[in-house]
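The block underneath contains the structure these notes are about, expressed in structure tokens.
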Amino acid sequence: MRSLFLVFAVLVRAPGASAQACLGLPPFTDASIHLNLSGEFPDSATAYAIGIGAGAPSGLFANLGGGRVEYQGLDERSTFGFAELGFQLPAGRFQLCPVAGGYLGAGPDPEGGAIKVTSRGASAGAALGFQVAVPFVIVIPNIAVKYEYLSQKVSEFEVGSVTDTFHSGVVDLGVGLAYRNRISVQPLVHLPFASEDDQISFGVFASVILPVPVPGGLLGR
């Protein structure tokens with residue numbers, strides 16, 4: 001299912017302001033923990049996710065969470081969990097972040113329990129962004145280029161199982177709007193390439209820092 005690709009998943013330090021610009025998010029300078037919320041809207045499906053991000057003002061960061069996918073015309077849903085690890089690097093006026101992640105999912109399973117659907121996947125790539133300070137907010141244009149792999153297994157009781165694999169490249173374009181380095185909202189556009197499915201899809205990502213200051217960040221400097 002092509003929509004599962006879009007579930008797993010995404011710098012400058014200007015004077016007086018900073019952000020995790022490669023992903024269009026607030027920085028880890030004031031707190032080492034972020035609460036992240038996202039919605040993805042591929043064709044015939046809607047995905048919701050919630051996660052926790054942890055990191056240092058510069059260096060390693062990680063995201064961990066889960067969510068569900070609802071399909072148009074189906075009562076059954078998929079659930080999934082994901083993990084992501086990245087590293088923040090300065091690149092002139094930009095911030096560059098190599099990022100890799102993994103995904104495990106279950107469903108949608110038809111009623112009766114005779115068929116079970118499971119999926120797993122991985123992604124790897126890099127994100128690049130910069131920030132522009134304007135009155136009241138920081139504007140953070142960013143781009144990510146990733147390779148994504150998905151394996152989906154359909155098992156039927158007393159019949160056997162079939163596994164399909166999918167490969168895709170994806171370009172994510174986003175513009176984060178960060179307020180006081182504490183909250184950000186970001187619309188995203190997903191552009192697949194090198195794939196049988198070239199359908200463009202959209203999403204929205206929000207992040208709020210949690211008041212859990214840890215000297216040096218949870219993942220060190």
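The values are calculated or read from the model by the stated rules, or taken from the named source; none is laboratory data. Here the structure is a predicted model, which means the values were calculated and not measured. For neighbour counting, all protein chains shown are included, and Cβ atoms are generated from backbone atoms with ideal geometry for every residue, glycine included. For the accessible areas, the whole protein counts, side chains as well, though only heavy atoms, and no ligand, DNA or RNA atoms are used. Shrake-Rupley method; radii C 1.70, N 1.55, O 1.52, S 1.80 Å.
Need pairs with beta-carbon distance below 8 Å; first residue closer than 13 Å to HIS34 by Cβ and within the stretch 50-62, second among the charged types (D, E, K, R) and outside any strand (DSSP E or B); sequence gap 6+ or separate chains.
ALA56/ARG221; PRO57/ARG221
Please give the number of the condition GLU156 fails out of (1) more than 18 Å from ALA194 (Cα to Cα); (2) among the acidic types (Asp, Glu); (3) in contact with a Gly (Cβ under 7 Å, 6 or more places away or on another chain).
If we test GLU156 against (1) more than 18 Å from ALA194 (Cα to Cα); (2) among the acidic types (Asp, Glu); (3) in contact with a Gly (Cβ under 7 Å, 6 or more places away or on another chain), just (3) comes out false.
Can you find a residue in the stretch 31-53 that is among the hydroxyl-bearing types (Ser, Thr, Tyr), assigned to a loop (DSSP other than H, G, I, E, B), at pLDDT 80 or above and touching a strand residue (DSSP E or B) at 6+ places or on another chain (Cβ under 8 Å)? Lay out the reasoning, then the answer.
Of the stretch 31-53, the ones among the hydroxyl-bearing types (Ser, Thr, Tyr) are 32, 38, 44, 46, 48.
If we keep only those that are assigned to a loop (DSSP other than H, G, I, E, B) too, we end up with 32, 44.
Checking which are at pLDDT 80 or above leaves us with 44.
Narrowing further to those that are touching a strand residue (DSSP E or B) at 6+ places or on another chain (Cβ under 8 Å): 44.
Yes, the conditions are met somewhere in the stretch 31-53.
How many residues, within the stretch 134-188, are under 22 Å from ALA100 (Cβ atoms) and of a type in the set (Val, Ile, Thr)? Lay out the reasoning, then the answer.
Step one: of the stretch 134-188, the residues under 22 Å from ALA100 (Cβ atoms) are 140, 142-152, 165-174, 176, 186, 188.
Filter once more, so that each one left must be of a type in the set (Val, Ile, Thr): 140, 143, 145, 165, 170-171.
Going through the stretch 134-188 one residue at a time, the tally reaches 6.
Anything in the stretch 58-72 that is open to solvent by less than 80 Å² (accessible area, probe 1.4 Å), of a type outside the set (A, V, I, L, M) and under 15 Å from PRO108 (Cα atoms)? List them, or say none.
First pass over the stretch 58-72, keeping only residues open to solvent by less than 80 Å² (accessible area, probe 1.4 Å): 58-63, 65-67, 69-71.
Pick out the ones that are also of a type outside the set (A, V, I, L, M) and you get 58-59, 61, 63, 65-67, 70-71.
Within the stretch 58-72, GLY67, GLU70, TYR71 meet the criteria.
Can you name every one of the strands (runs of 3 or more DSSP E) wholly within the stretch 77-182 that holds 2 or more residues which are open to solvent by 70 Å² or more (accessible area, probe 1.4 Å)? If you could, list the steps in order and put the result at the bottom.
Numbers: elements: 77-87, 89-91, 94-106, 115-129, 132-134, 137-156, 160-179.
Ranges flagged: 77-87, 94-106, 115-129, 137-156, 160-179.
Quick grid of which residues meet (1) in contact with a Ser or Thr (Cβ under 9 Å, 6 or more places away or on another chain); (2) under 29 Å from GLN131 (Cα atoms); (3) among the aliphatic types (A, V, I, L, M):
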| position | (1), (2), (3) |
| --- | --- |
| PHE61 | no, yes, no |
| LEU64 | no, yes, yes |
| ARG77 | no, no, no |
| PHE80 | yes, no, no |
| GLY86 | no, yes, no |
| TYR103 | yes, no, no |
| GLY107 | yes, no, no |
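Show the residue pairs meeting these rules: Cβ distance below 9 Å; 6+ apart or different chains; first residue within the stretch 193-216 and in a strand (DSSP E or B) and among the charged types (D, E, K, R); second residue at pLDDT 85 or above and exposed (fewer than 11 other Cβ atoms within 10 Å of the Cβ).
none
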